[in-house]
1. Pairs needed: first member in the stretch 44-55, under 11 Å from D31 (Cβ atoms); second member anywhere, in a strand (DSSP E or B) and of a type in the set (S, T, Y); C-beta distance under 7 Å; at least 6 residues apart or different chains.
2. Regarding the stretch 64-75, can at least one residue be identified that is in a loop (DSSP other than H, G, I, E, B), modelled with pLDDT of 95 or more, under 24 Å from L18 (Cα atoms) and among the polar types (S, T, N, Q)?
3. Considering each residue of the stretch 45-63, count those that are surrounded by 14 or more Cβ atoms within 10 Å (Cβ to Cβ) and not acidic (D, E), and give that number.
4. Please tell me if A70 is without any contact (Cβ under 8 Å) to a residue 60 or more places away in the chain and in contact with an Asp or Glu (Cβ under 9 Å, 6 or more places away or on another chain).
Amino acid sequence: MAPENGPQYSVEEEWDQLYIDGGWCESDSGDSLTVENPSTREIVSQVPRGNEADVNAAYNAAEHAQNTWAQTPPAQHEKLTQNLLQAIEQHRE
């Protein structure tokens, strides 16, 4: 039988900006969205509500990053991936 309530989460930080193209920025809409725990209906956070301009900015940034990554030599891919793995292992809980 499934538990009545799912895992409990706490939010220690409010997110008032979007992360696009390697940096934090205000949403174009200036609006926010309430995030709630679907199990308890408790409000857990407020986040920026992105709009079409935000999606386009994120898409363009991702496309640029992919093109740059595609031109990166495989040996550099390996080195960057190994560095990422080491960072993850160092910060494992």
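1. Q46/S32; Q46/T34; V47/S32; P48/S32; R49/S32
2. Checked the stretch 64-75: no residue is in a loop (DSSP other than H, G, I, E, B), modelled with pLDDT of 95 or more, under 24 Å from L18 (Cα atoms) and among the polar types (S, T, N, Q).
3. 9
4. In short, no.
The values are calculated or read from the model by the stated rules, or taken from the named source; none is laboratory data. Quantities reported herein were computed from a predicted structural model and do not represent experimental measurements. When we count neighbours, we look across all protein chains shown, and the Cβ atoms used for this are built from the backbone with ideal geometry, even at glycine.
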